[in-house]
Amino acid sequence: MVEKYEINSLEKEESWRLFRYIGELVEGFDKLSGIEPAVTIYGAAVATSDQTDYQNAKQIAYLLGKQGFNIITGGGPGMMEAANLGASEAGVKSVGLNIELPQEQKCNLYANLNITFNHFFVRKIMLVKYATAFVIMPGGLGTLDELTEVLTLIQTNKIKPFPVILFNSKFWHGFLDWLQNSVLITNYISESDLHLLRLSDQPSDVQDIVSSWYLKQAIVGRRAID
């Protein structure tokens, strides 16, 4: 009887969990409706304001904001804070999609529209759904996860092929070398999978790439793998 009761309780818990998923999705759709055009900027949460890439993330968001793009980030500190700060200074919507973590990550102060999620997969849906382009700043496992998910969604035609911009070519060199000389050479991916990857080292170049795509549907800029 005890085992049967425990199983039934687990089944009910799983059923109620579905409603929590739905609730987070509904909140995200409701609050982000009409946010387009927007650009999602990913990057390390541990970056500090004295780092060059932090300043570049801020400048990228500012320049894109001045072009009329709202900015979406994961809402945390580091690169996310920098991008939200740049968007705020540009006077556009600065969206922070925060996640509840054991270390109690709080949404940064520069997001003027924020949502806190409990489930990573719901948050990741929202980071992708409303984006016109993706800017990938240097980061760790979370950033790599988000980058490869975006590429997979494009590869499998689950989302429209938008520009994916890797900022700081020196940082991404090893990753791109691995893709080309270990993954591509063994045919685990095709060269066409990487056609939308662009490298940039200047915030103004990111602005040009995103604007050209939005206005002309043309991918410009230096390809990550030639």
### Query
Has the range 83-90 got at least one residue that is closer than 24 Å to Leu199 by Cβ, buried (at least 23 other Cβ atoms within 10 Å of the Cβ), in contact (Cβ under 8 Å) with a residue 40 or more places away in the chain and not charged (D, E, K, R)?
yes
### Query
Across the range 44-79, what is the number of residues that are outside any strand (DSSP E or B) and under 13 Å from Gly96 (Cβ atoms)?
8
### Message
One residue is enough: does the range 119-140 have a residue meeting the conditions assigned to a strand (DSSP E or B), over 13 Å from the mean Cα position of the chain (by Cα) and surrounded by 22 or more Cβ atoms within 10 Å (Cβ to Cβ)?
### Response
no
### Task
Within the range 80-110, work out how many residues are part of a loop (DSSP other than H, G, I, E, B), within 23 Å of Val26 (Cα to Cα), in contact with a Gly (Cβ under 8 Å, 6 or more places away or on another chain) and at pLDDT 95 or above.
0
### Query
With Leu113, Leu101 as the choices, which residue is out of contact with any Asp or Glu (no Cβ under 6 Å at 6 or more places or on another chain), among the aliphatic types (A, V, I, L, M) and without any contact (Cβ under 8 Å) to a residue 24 or more places away in the chain?
Leu101
### Query
Looking at the range 149-194, which of its residues are loosely packed, with under 13 Cβ neighbours inside 10 Å, at pLDDT below 90 and in a helix (DSSP H, G or I)?
Glu191, Ser192
### Task
For Ile35, indicate whether it is farther than 19 Å from Leu144 by Cβ, of a type in the set (A, V, I, L, M, F, W, C) and without any contact (Cβ under 8 Å) to a residue 40 or more places away in the chain.
no
## Note on the structure
Those residues of the range 41-69 that are out of contact with any Leu (no Cβ under 8 Å at 6 or more places or on another chain) and either touching a residue at least 40 places away in the same chain (Cβ under 8 Å) or buried (at least 17 other Cβ atoms within 10 Å of the Cβ) (or both) come to a total of 18
### Task
Only one of these is within 18 Å of the chain's Cα centre (by Cα), of a type in the set (A, V, I, L, M) and over 23 Å from Ser211 (Cβ atoms): Leu85, Leu97, Leu109. Name it.
Leu97
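The values are calculated or read from the model by the stated rules, or taken from the named source; none is laboratory data. It should be emphasised that the depicted structure is a prediction, and the values quoted were computed from it without experimental measurement. Because the Cβ atoms are built from the backbone with ideal geometry, glycine has one as well, and the counts that use them run over all protein chains shown.
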